[in-house]
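Here is the structure we will look at.
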Amino acid sequence: MTATIAPTSTTRLTGLQPTGGLHLGNLLGGIRPLVESQYDGPAIAMIADLHALTMEHDPAKVRVASLELAAVLLAAGVDPEHTALIANSQIPEHSELHYLLECVANYGEVARMIQFKEKSGSGPVRLSLLTYPVLMAADILLYDIAFVPVGEDQNQHLELARTIATRFNARYGPTFRVPEGVRPENAARVMDLAEPTRKMSKSNPSAAGRIGLLDPPEVVRRTIARAVTDNVGEVRDDPENQPGISNLLGILAACTDSRPREFTSYGELKREVTDAVEALLAPIRARYAALSADPGHLRSILAEGKAKVRPTASETVRRTRAALGLLD
Ligand code: TRP
């Protein structure tokens with residue numbers, strides 16, 4: 001029997017880790033591009049809660065963060081009628097394919113992943129941290145995904161998924177579609193407001209330069225008011241010499257989807273950035289409040305997402321098992 005790989009698949013998959021404390025960088029760099037491109041073709045938005053177990057974690061927090069991410073995605077405009085919203089832990093085929101792919105991935109190629117080296121500092125390192133990119137490959141290969149929007153930091157993992165798929169197909173027969181990484185269009189790189197030379201990130205122990213998506217308006221205003229600037233005294237987009245001001249201009253451009261006007265003072269710029277961020281966040285915050293008040297509804301959307309994608313997942317696993325010589 002010949003393998004049935006959907007040759008015309010245009011499905012796009014975006015995966016996001018439920019880290020909790022989502023911030024403006026997550027919205028402008030990942031979530032909004034996903035929302036804006038969702039009607040370009042079939043789409044899957046995936047909460048990578050299995051990936052959240054690769055580092056020391058608090059079970060209660062993972063559960064809360066997964067539902068929070070689901071609510072934020074919906075609040076930001078993910079349309080569950082069109083985009084399947086799933087959690088990788090809820091679809092057992094992710095784990096099954098993960099193991100099967102471990103049988104074609106090599107130790108050396110996963111051990112040299114930059115993110116593994118960075119995250120496996122001191123203390124006990126979970127084996128799952130090593131195999132993390134193989135699970136990510138499973139997430140992707142399970143659904144004949146054509147396009148995976150990835151930022152800089154996930155490039156190497158996506159390349160590994162392609163390597164694994166290609167090797168598998170060559171050794172065991174055509175089984176997987178080889179996915180393509182795409183730069184998310186309109187993805188803004190938001191820097192930390194207190195340390196504008198580093199990305200706004202959950203992993204910064206200081207929250208001083210971070211705008212939480214669910215921060216109340218007065219906190220947003222204060223964070224922007226305290227944003228680090230410089231003593232040049234002119235508002236110019238010059239990331240090298242004026243990283244703070246350039247970041248504020250970038251945030252303004254991203255929030256308003258237009259080129260910022262001229263500004264004569266830093267205060268004037270900050271006020272306009274505050275208004276633009278608030279205009280973007282206010283409706284998301286309001287929808288989030290309604291959605292998070294009804295976790296049963298969120299769970300039913302995840303269940304619908306799962307029902308939608310499961311047939312493809314089980315067909316892929318069936319095909320993979322057969323190709324590897326396992327009994328059916
Ligand atoms: N590793 C990704 C990140 O940290 C999240 C992720 C898990 C993912 N599985 C994926 C992204 C599949 C794209 C496709 O950002």
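May I ask for the Kirkwood hydrodynamic radius of the chain, worked out over all distinct Cα pairs and given in angstroms to one decimal? Walk me through the numbers on the way to the answer.
Working: mean 1/r = 0.0475 Å⁻¹.
Answer for the chain: a Kirkwood hydrodynamic radius of 21.1 Å.
Among all helices in the chain defined by DSSP H, which have a length of 20 Å or more along the axis from Cα atoms plus a Kyte-Doolittle mean of at least 1.6? Intermediate values should be presented prior to the final figure.
Values: long enough: 59-75 (24 Å, 1.32); 127-141 (21 Å, 1.69); 155-172 (25 Å, -0.73); 266-292 (37 Å, 0.05); 295-324 (40 Å, -0.50).
Flagged H segments are 127-141.
To make sure I understand the rule: partners must be lysines, Cα under 29 Å from the Cα of residue 270, and not fewer than 8 residues away in the same chain. Which ones qualify?
199, 202
Multiply the residue separation of residue 310 and residue 119 by 0.36 nm, subtract the distance between their alpha-carbon atoms, and state the gained length in nm to one decimal. Each step should come with its number before you reach the end.
Values: separation 191, 0.36 × 191 = 68.76 nm, distance 3.18 nm.
Length difference between fully extended and current span is 65.6 nm.
Taking the Cβ of residue 112 as the centre, find all other residues whose Cβ is under 13 Å away and add up their charges (Lys, Arg: +1; Asp, Glu: -1).
Values: positive: 117; negative: 109, 118, 159.
Net of charged neighbours comes to -2.
With each label point set 7 Å from Cα along the Cα-Cβ vector, what nm distance links residue 259 and residue 180?
Spacing of the two 7 Å Cα→Cβ label points: 3.0 nm.
Report the gain in length on full extension from residue 324 to residue 287: 0.36 nm times residue separation, minus Cα-Cα distance, nm rounded to one decimal.
Values: separation 37, 0.36 × 37 = 13.32 nm, distance 4.65 nm.
So the chain would gain 8.7 nm between residue 324 and residue 287.
Could you check the simple spin-label distance between residue 189 and residue 127, using points 7 Å along Cα→Cβ, in nm with one decimal?
Distance between the two pseudo-spin positions: 3.8 nm.
Got the relative contact order for segment 10-68 handy, in percent, Cα pairs under 8 Å and 6 or more residues apart?
Working: 53 pairs, mean separation 33.3, N = 59.
Result for segment 10-68 is 56 percent.
If Lys and Arg each add +1 and Asp and Glu each add -1, what is the summed charge of the other residues whose beta carbon sits under 10 Å from the beta carbon of residue 228? Each step should come with its number before you reach the end.
Details: positive: 226; negative: 192, 195, 230.
Spelling it out: positives minus negatives among the neighbours equals -2.
Mean separation of Cα pairs under 8 Å and 6+ residues apart, divided by the residue count of the chain: what relative contact order is that in percent? The partial results should precede the final answer.
Working: 504 pairs, mean separation 75.7, N = 328.
Relative contact order of the chain: 23 percent.
Grab the other residues whose beta carbon is less than 15 angstrom from that of residue 16, score K and R as +1, D and E as -1, and report the net.
Numbers: positive: 12, 32, 202; negative: 49, 68, 139, 153.
Around residue 16, the surrounding residues sum to -1.
Relative contact order (percent) for segment 159-314, with alpha-carbon contacts under 8 angstrom and 6 or more residues of separation? Mind dumping the intermediate values first?
Numbers: 141 pairs, mean separation 24.5, N = 156.
About 16 percent, as a whole number.
For residue 204 and residue 170 in one chain, what is 0.36 nm times their gap in residues minus the Cα-Cα distance, to one decimal in nm?
8.0 nm
FYI, it's all coordinate maths here, none of it is from the lab. From a predicted model like this one, the values you see are computed outputs, not experimental measurements. As a convention, Cβ positions derive from the backbone with ideal geometry for all residues, glycine included, and neighbour counts pool all protein chains shown.
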